[in-house]
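Heads up: the structure comes next, in structure tokens.
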Amino acid sequence: MGLFSSRGASALAALAIAATLASCASNKAAEEAEATRVAAEVAAAAALAAQPKPIALNDSVIQSAAIYLGFTRDMATLRGGFESPEAILAAMQRGAAYQPDQISRGLVAYASILALQSPEFLTGVRQYGTDRETRNQTVARIVADPTYASTLPGADAAAGLIMGVLDADIAALRTAADSIENDAYAIQADGRASWARQPVPDREARIQGVKDLSARRMVANAEDVARLSAAASSGSGLGVSTPRLRQPPYPPAVSSALALAALAVLDGAGENAVSNTDALQYDRASQDCFASSKLNLFQCLAASRPSYEVEFCLGRHVVRDLATCARGTSQPAGQITVGAPTQSRSQPATPVIRTEPIQPSTPLPVSPAPATPATVTPVVPPAPSITPNPALAPGASPTQRLNAAPPAPQR
């Protein structure tokens with residue numbers, strides 16, 4: 001009995017030891033599994049943090065860009081060859097239906113979306129978004145000094161893309177303006193278009209109608225909004241490419257567009273940052289230019305009598321001024337290169353000998369012209385190379401007299 005009890009106790013002890021060992025092994029396995037799980041979560045979080053944040057550009061910027069794109073694209077489709085006063089009036093109503101501040105803001109907004117189409121710029125800016133601290137510091141620096149974005153890697157490619165695309169759009173507008181202005185001159189001498197030389201009926205009412213249209217806020221096309229929104233968030237989709245690199249300094253509108261695009265890449269231009277993006281869309285130069293163009297349009301219409309003069313106002317102070325203002329604020333200033341002087345005609349082989357002394361001429365007294373206050377007017381290109389009908393010169397209209405300077409040759 002004592003022996004059996006001793007063996008039983010030993011067995012129980014062995015079972016207890018085995019249970020303890022099994023428990024230890026189970027705890028170790030659980031700890032290892034937990035450690036593996038935690039390591040996996042940390043790795044996943046690190047991988048997520050390493051991924052670039054999605055591009056975020058708020059709806060206000062997208063809407064502004066869509067308004068600019070839609071309006072300029074529509075104006076570039078206009079051509080001369082109108083067949084009635086009503087056709088000219090309809091085109092004028094299309095062209096006058098804009099507000100200068102919306103077009104100005106839209107130009108910068110559209111340019112920022114163009115910058116986001118540059119792979120070089122996206123890659124360069126994303127280097128500053130690898131961690132929260134660096135990203136926040138970069139965003140704060142751009143907000144404080146928007147020109148800082150022009151120094152980021154890839155900015156030269158993005159600026160080249162902006163200027164290249166806008167320059168092509170400007171060329172399309174100039175083509176439309178040339179067509180309309182040429183037609184305005186041509187129909188003066190066209191016997192089949194006698195309607196163009198007749199006084200415009202209800203002229204004052206039509207002018208007021210144009211002013212009323214100019215006061216309305218523009219609404220973006222839904223398709224343009226969707227297309228630009230997708231292009232901004234994906235960094236592709238507009239089918240544009242960088243023609244060549246552009247080095248700073250850039251025009252203010254381009255610098256602001258680069259800043260907007262950089263903020264969008266760094267999560268600093270979303271719906272919670274409208275104040276930042278609104279400030280960057282303001283461009284004083286283009287807004288003043290578009291506003292002056294609108295005033296010139298009203299003055300031109302007030303001086304117009306027949307329909308062909310209204311057509312001229314459309315070509316000059318809507319379509320051409322739109323191109324001129326965009327060119328002046330988004331493209332680098334032109335440079336004039338003067339070459340060495342050349343002799344236009346040969347000297348005579350035998351010098352001319354005078355037999356009488358030449359009496360020096362007495363200069364006439366010149367009275368100084370009265371000083372006139374300086375005025376700021378938008379820069380407009382010269383009228384196209386067109387020779388008006390000489391027969392119409394005695395009865396020249398106010399618009400013709402205002403634009404009677406010799407036309408420059410077509411380029």
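What is the fewest-to-most order of Asp156, Asp212 by other Cβ atoms lying within 10 Å of their Cβ?
Details: Asp156 22, Asp212 11.
Placing the least packed residue first, the sequence is Asp212, Asp156.
Within the straight-line cut-off of under 22 Å between alpha carbons, the lysines reachable from Lys294 are Lys211, sequence neighbours fewer than 8 places apart in one chain being disregarded.
When each of the peptides 56-69, 307-320, 119-132 is scored by the mean number of other C-beta atoms lying within 10 Å of its residues, the order from highest to lowest reads 307-320, 56-69, 119-132. Look at where the Cα atoms of the stretch 198-222 and of the stretch 278-321 average out, and the two centres are 13 Å apart. Judged by the mean number of other Cβ atoms found within 10 Å, the most tightly packed of the peptides 175-185, 240-250 leads the ranking 175-185, 240-250.
Take every Cα pair under 8 Å whose residues are at least 6 apart in sequence, average their separation, divide by the length of the stretch 59-332, and the relative contact order is 36 percent.
Across the stretch 214-224, rounded Karplus estimates of 3J(HN,Hα) from the backbone phi angles (6.51 cos²θ - 1.76 cosθ + 1.60, θ = phi - 60°) give 5, 8, 7, 6, 7, 10, 6, 6, 4, 5, 5 Hz, Gly and Pro being marked x. Electrostatic bookkeeping for Met163 treats Lys and Arg as +1 and Asp and Glu as -1; over the other residues with beta carbon under 14 Å from its beta carbon, the sum is 0.
With both labels modelled 7 Å from their Cα along Cα-to-Cβ, the Val274 to Asp145 distance reads 3.0 nm.
Each value in this text was obtained by applying a stated rule to the coordinates, not by laboratory testing. From a predicted model like this one, the values you see are computed outputs, not experimental measurements. We place every Cβ from the backbone using ideal geometry, glycine too, and count neighbours over all the protein chains shown.
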